[in-house]
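The values are calculated or read from the model by the stated rules, or taken from the named source; none is laboratory data. Keep in mind it's a predicted model, so treat the numbers as computed, not measured. Counting neighbours? That spans all protein chains shown, and the Cβs are built from the backbone with ideal geometry, glycine included.
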Amino acid sequence: MMDINSIKKDFPILKKQINNTPLVYLDNAASTQKPNQVIQSIVESYELYNSNVHRGVHTTSMEATERYELAREKVAKFINAKSNDEIVYVRNTTEALNLVAYAWGLNNIDSTENIVVTELEHHSNLVPWQFVSQKTNCELRIIPTTPEGTLDLSSIDKLITESTKIVSIVHVSNLTGTINPIDEIIKKAKSVGAKVCIDAAQSVPHMPVDVQQIDCDFLAFSGHKMLAPPGIGILYGKTEILEKLEPFLRGGEMVKEVTYSSATWNDIPTKFEAGTPNFIDPIGLGVAIDYLSNIGMENVRQHEKDLIKYALDRLTEIPGLEIIGPTNPEMRGGVATFSMNDIHPHDIGTILDQRGIAIRTGHHCGMPYHKKLGLSATSRASFYLYNDYNDIDKLVDGMNDVINYFK
Amino acid sequence: MLPNELNDLYKEVILDHYKNPRNSSEIIEPLHKARGYNPFCGDEVNLQLNVDNNQVIQEVGFQGHGCAISQATASLMTESIKGKSIQEALAIREEFRKMMQGEQSNLELLQDLEILEGVRNFPVRIKCSLLSWSTLEDSLS
Ligand SMILES: Cc1ncc(COP(=O)(O)O)c(C=O)c1O
């Protein structure tokens, strides 16, 4: 089992005091904290291995390249990709999804066809597809949600059809915490020959994800949401698809041969890594993956399931508080989103902050879904492996304080 | 913890304006109106004004939703500009902005608005308090 107290000790920021109380960090869906191991790996990279990758014949450049590629191998193993070449380094989930939209979407969809997303998309898996839809005149179809915040698949046969070219869906929602039934949706997509892209920004950091088992074509996630630095994200793509794909960005490194009039492309994944990459942060991602793997992703998921169950139980004790999203912890990641009668999330956020409690308030990059709920903003506490029941108790005490101010 | 700062922010008067906003009925076909919206937090203020021939604000109405600070400021603002000329109202706006930025401000002009001074200890909330003032300016331009 997980020893949360010893895990907490690995995270220097958790010793920080805010207004003379220890930081209670509950904004993990936005970004996570970094353990000493990751921080040290970054320091070490600058102190010992700082050099451009893939370019030099000198020792430090070769060492940097080796470390950069070793991290790629760790990522590939972590999500069980068939080959390291299926792992493309990008900045974040948003860039990964844009890469798919630009390089695959713009070149493979016509005006008689369609793209399918869900009502639970983060803006980063909605806005790029709106763009493709506008450019190609294709239809953008949206899988609706039930009042509980789960996907309503009752009309799936009408939404995912023979003319569907790609189904791009969020695995775990950052808005409602919903764990979407991607297996069922992927099966449907495959049956009509559509490609599948998964926004795994909130799943890969929190539970075991096996790209071969789920059989997706693309999958995107961000390092900063899984203990790593903010400059590195991953696009996974199946080899045969990446090989046929047009480049997204063009320039140095991604080419094989260049003349004044034309160029040919390098092999994957380098074809998608134009210019000098961020060659430091992937090292941190590799170490973050070691850290998570040592604990075990099954254990991380179980811990968060325990936390969300406890959080939902305790939060519902608070009069006037309404939970957004499913209440069954089996169907929910460690994301507790809620609204309060008459008390705006910003006021809640400010009062909790005075007690050192960091939560997220606003629309969490899901404006259309908030509009559907009839809310302009909600409050969200989201957990990770270093959170414990005590953090949730502090949140609940803080909420009672909020109520006292406003009563 | 610094409960005093919080108490300065959520003063009783402020919470009262939030819960019972003044001048909240909508003016139909006003001379001036504008909608202020902050996409970051969803705060919204709709403002209507009628002025007389001397450019004095005779009627003011606002409707909106959002955090206590944005809505209480809007309510307090409507009280402070009613009966003032447009020029005076804009001068109050300028003094309010100065108060939020910690500059020397004219408390005689600000009057009851001084109660919002505590907002400036919460930098991310200042924009909540400035929303209704930028809406006022938009409505007049
Ligand atoms: C579900 C989901 N998708 C996409 C993103 C975008 O991630 P990033 O901002 O790292 O590109 C986020 C993060 O906010 C997210 O929660």
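Below are the figures for this structure:
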quantity: Residues being more than 14 Å from chain B (Cβ to nearest Cβ) and in contact (Cβ under 8 Å) with a residue 60 or more places away in the chain - total across segment A:367-395; calculated: 13
quantity: Where B:Asn23 falls short, out of the listed (1) farther than 28 Å from A:Thr21 by Cβ; (2) part of a loop (DSSP other than H, G, I, E, B); (3) at the interface with chain A (Cβ under 9 Å from one of its Cβ atoms); calculated: (3)
quantity: Hits in segment A:42-69 - residues which are among the hydrophobic types (A, V, I, L, M, F, W, C), surrounded by 14 or more Cβ atoms within 10 Å (Cβ to Cβ) and assigned to a helix (DSSP H, G or I); calculated: A:Ile42, A:Met62, A:Ala64
quantity: Residue list for segment B:12-56, filter: within 30 Å of A:Val24 (Cβ to Cβ) and buried (at least 16 other Cβ atoms within 10 Å of the Cβ); calculated: B:Ile14, B:Leu15, B:Tyr18, B:Asn38, B:Cys41, B:Gly42, B:Asp43
quantity: Any chance A:His303 is in a helix (DSSP H, G or I) and either in the same structural domain as A:Ala71 (by TED's automatic domain parsing) or β-branched (Val, Ile, Thr) (or both); calculated: no
quantity: Entirely in segment B:40-132, the helices (runs of 4 or more DSSP H) that have 3 or more residues that are within 13 Å of chain A (Cβ to nearest Cβ); calculated: B:68-81
quantity: Of all residues making up segment A:119-175, the number that are aliphatic (A, V, I, L, M), farther than 21 Å from A:Val192 by Cα and outside any strand (DSSP E or B); calculated: 4
quantity: Residue, farthest from the other protein chains (Cβ to nearest Cβ), within segment A:199-213, restricted to residues that are within 16 Å of the ligand (Cβ to nearest atom) and under 18 Å from A:Asn84 (Cα atoms); calculated: A:Val209
quantity: Any hit, segment A:309-319, residues being closer than 30 Å to A:Met2 by Cβ, within 12 Å of chain B (Cβ to nearest Cβ) and not β-branched (Val, Ile, Thr); calculated: no
quantity: Any hit, segment A:98-106, residues being within 16 Å of the ligand (Cβ to nearest atom) and surrounded by fewer than 20 Cβ atoms within 10 Å (Cβ to Cβ); calculated: yes
quantity: Within segment A:353-405, tally of residues that are at positive phi and more than 23 Å from the chain's Cα centre (by Cα); calculated: 2
quantity: Tally of residues being within 8 Å of another protein chain (Cβ to nearest Cβ) and assigned to a helix (DSSP H, G or I) across segment A:341-366; calculated: 6
